[in-house]
1. Applying the selection to segment B:161-217, what residues are of a type in the set (Val, Ile, Thr) and under 24 Å from B:Ser233 (Cα atoms)?
2. Hey, among the residues in segment A:188-223 that are among the hydroxyl-bearing types (Ser, Thr, Tyr) and away from chain B (no Cβ under 14 Å), which one's farthest from A:Leu157 (Cα to Cα)?
3. Looking at this structure, is B:Gln272 loosely packed, with under 15 Cβ neighbours inside 10 Å, at pLDDT 85 or above and assigned to a helix (DSSP H, G or I)?
4. What are the residues in segment B:89-145 that are charged (D, E, K, R) and in contact with a His (Cβ under 6 Å, 6 or more places away or on another chain), if any?
5. Residues B:Ser38, B:Ser71: which one is of a type in the set (Ser, Thr, Tyr) and at pLDDT below 95?
6. Only one of (1) without any contact (Cβ under 8 Å) to a residue 24 or more places away in the chain; (2) touching a Leu at 6+ places or on another chain (Cβ under 9 Å); (3) farther than 30 Å from B:Asp72 by Cα is not met by A:Val75, so which one is it?
7. Considering each of A:Gly104, A:Gly176, A:Gly185 in turn, give the residue that is touching an Asp or Glu at 6+ places or on another chain (Cβ under 6 Å) and either closer than 30 Å to A:Val87 by Cβ or more than 14 Å from every other protein chain (Cβ to nearest Cβ) (or both).
8. Please determine, by comparing only the residues of segment A:1-50 that are under 14 Å from A:Ser94 (Cα atoms) and more than 18 Å from the chain's Cα centre (by Cα), which one is surrounded by the fewest Cβ atoms within 10 Å (Cβ to Cβ).
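The values are calculated or read from the model by the stated rules, or taken from the named source; none is laboratory data. Worth saying up front: this structure is predicted, and the values here are computed from it rather than measured. Quick reminder, even Gly has a Cβ in these numbers, built from the backbone with ideal geometry, and neighbours come from all protein chains shown.
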Amino acid sequence: MNRMNEWSDILQLVLNATGETLYMVVLAGLFTLLIGLPLGVLLFISRRDGLYPMPRLNNCLGGAVNIGRSLPFVVMLIALIPLTRLVVGTTLGSTAAVVPITIGAFPFFARIVENALDEVDKGRIEAILAMGGDIWHVIFKVLLPEALPALLAGITLTLVMLIGFSSMAGIIGGGGLGDLAIRYGYQRFNNQVMFATVVVLVILVQSVQSLGDRLVRSLAHRR
Amino acid sequence: MIIVEQLGKTYRAGQAPALDQVSLSIPDGAIYGILGRSGAGKSTLLRCLNLLERPSSGRILLDGKDLTALSDSELRQQRQRIGMIFQGFNLLHSRTVFDNIAVPLEISRVAKAQRTERVRELLDLVGLSDKALAFPSQLSGGQKQRVGIARALAARPAYLLSDEATSALDPETTASILELLRDINRQLGLTIVLITHELDVVKAICDHAASLANGRLVEAGPIAQLLANPQSSLGRSLLPGYSSTLGKDSQTLELSFFDNLLAAPVLDELVQKQGVQVNLLASGVETIGGRRVGRLRVSLGQGGGEPKLHRVMDFLKQRGVRVERL
């Protein structure tokens, strides 16, 4: 118990937890991108006045996304335990936590994508259609490239949110910095570990945000 | 050749139609100007020509093919033959000038080497070879429209639609863009259909004109015919302008002379042979649709009454002068 107070041990703990947090954020981020990006595009083009109107599908997807976004993440975390067991085989550990984190984040990201695409000047889409382009040309030559700065800003926002989600996953034993804060800071009143956790989280969020901002700015400069 | 037959467009049932029974034919090689106030339906008409807007009724025949009856992929094929330029340029901001011009070539799957060669040609044509690697945001309005034109021409279309392409530009830039369009028309034999609310644009480069009001076609035809027809109000509006605040009386006539007649001593003969006094009130000379046109407002002075006036008008009409009584 005493040894816990030594900084080198705390460092080891925090390092491991940071690794787990990064693992969850990167993996869940990847899945969020893979699911959310196409879903956002689909939401945008299937609108009633969209490029490929499918109002029925749009309503269903929109409704599902709204349900996903209206549940507080803590509730979703617990409600999704059976699904997690089905997919990963266990409900403990960082890999298992990726399932609820992804499901909590991709509806949000899909809406961000939809809004970013909506900001693209309609005239540019029309120009591609007028020269004989099809919907794939519109998506890959206009929508995604023209919305790239907004999409990057959205990815930054989502990553920061994922860091928050991954910390909450500590509640169900998902590992990472949140888990550390609960087990040492909350249950054992270990202020040093608590403090270190806060510092690492702040640094993590700040660096993601400033990296994202810098990317967006360098892109905007070019255009 | 584009033939528009009985075209109608209603956006919402019960509302006044945006286009109402419009029929036109646009001959190959023409520069066809469609005039109208905003809301007259000219933009809708232009956008129907490549089916960006689907008409509610009527047909559009492009070289005999009815666009409204084509499948999606056939329509895309046809659209590659119709370039379009826009008031807002609509360039892709994520791409350089070079890559913007290459877009239609990418769509029609032209191989990279040929693409590069074609884009170089077009940059040269529009005078922007030094801006190949610039991004649209680094260009002036006139330069952006040149890129727009180069892009529209990339796939070697037979037709070019211009949607108020010069309306966002200053007068000098407008003149240089119009000159470019005329050069393209002459060099490439491209048929150009343009819509505008500016008479000057039509005067400067068009050889055909049509006017729309409230979704209906008011007049259409070759500008030479419109100008020569005293009944044509479109023709009248295209005549050279001058400040017409000068007074008029019962003996005031407005005379328009075309081409060679400008150099003929018509007024001289009027004074000498007919013994009529002629006072010049105002005049203007312009080149309109490739013809030199002079317009005079004259007063015949007091005395002589109606018989004299009719004698003078008959004489002038006989000599080929367009005469209007004010």
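1. Within segment B:161-217, the first condition is being of a type in the set (Val, Ile, Thr), and the residues that meet it are B:166, B:173-174, B:177, B:184, B:191-193, B:195-196, B:201-202, B:205.
B:Ile192, B:Val193, B:Ile195, B:Thr196, B:Val201, B:Val202, B:Ile205 - these are the residues of segment B:161-217 that are of a type in the set (Val, Ile, Thr) and under 24 Å from B:Ser233 (Cα atoms).
2. So in segment A:188-223, the residues among the hydroxyl-bearing types (Ser, Thr, Tyr) come out as A:197, A:207, A:210, A:218.
Adding the requirement that they be away from chain B (no Cβ under 14 Å) leaves A:197, A:207, A:210.
Values: A:Thr197: 21, A:Ser207: 12, A:Ser210: 11 Å.
Here the residue is A:Thr197.
3. Details: loosely packed, with under 15 Cβ neighbours inside 10 Å: yes; at pLDDT 85 or above: yes; assigned to a helix (DSSP H, G or I): yes.
Yes: the conditions hold for B:Gln272.
4. Just the residues of segment B:89-145 that are charged (D, E, K, R), to begin with: B:95, B:99, B:106, B:109, B:112, B:115, B:117-118, B:120-121, B:124, B:130-131, B:144.
Correct list: empty.
5. Details: B:Ser71 fails: at pLDDT below 95.
Going through B:Ser38, B:Ser71 in turn, just one is of a type in the set (Ser, Thr, Tyr) and at pLDDT below 95: B:Ser38.
6. All conditions pass for A:Val75, except number (2).
7. On the way: A:Gly104 fails: touching an Asp or Glu at 6+ places or on another chain (Cβ under 6 Å); A:Gly185 fails: touching an Asp or Glu at 6+ places or on another chain (Cβ under 6 Å).
The conditions single out A:Gly176.
8. Filtering segment A:1-50 for residues under 14 Å from A:Ser94 (Cα atoms) gives A:16-29.
Narrowing further to those that are more than 18 Å from the chain's Cα centre (by Cα): A:16-17.
Numbers: A:Asn16: 14, A:Ala17: 26.
Among residues in segment A:1-50 that are under 14 Å from A:Ser94 (Cα atoms) and more than 18 Å from the chain's Cα centre (by Cα), the one surrounded by the fewest Cβ atoms within 10 Å (Cβ to Cβ) is A:Asn16.
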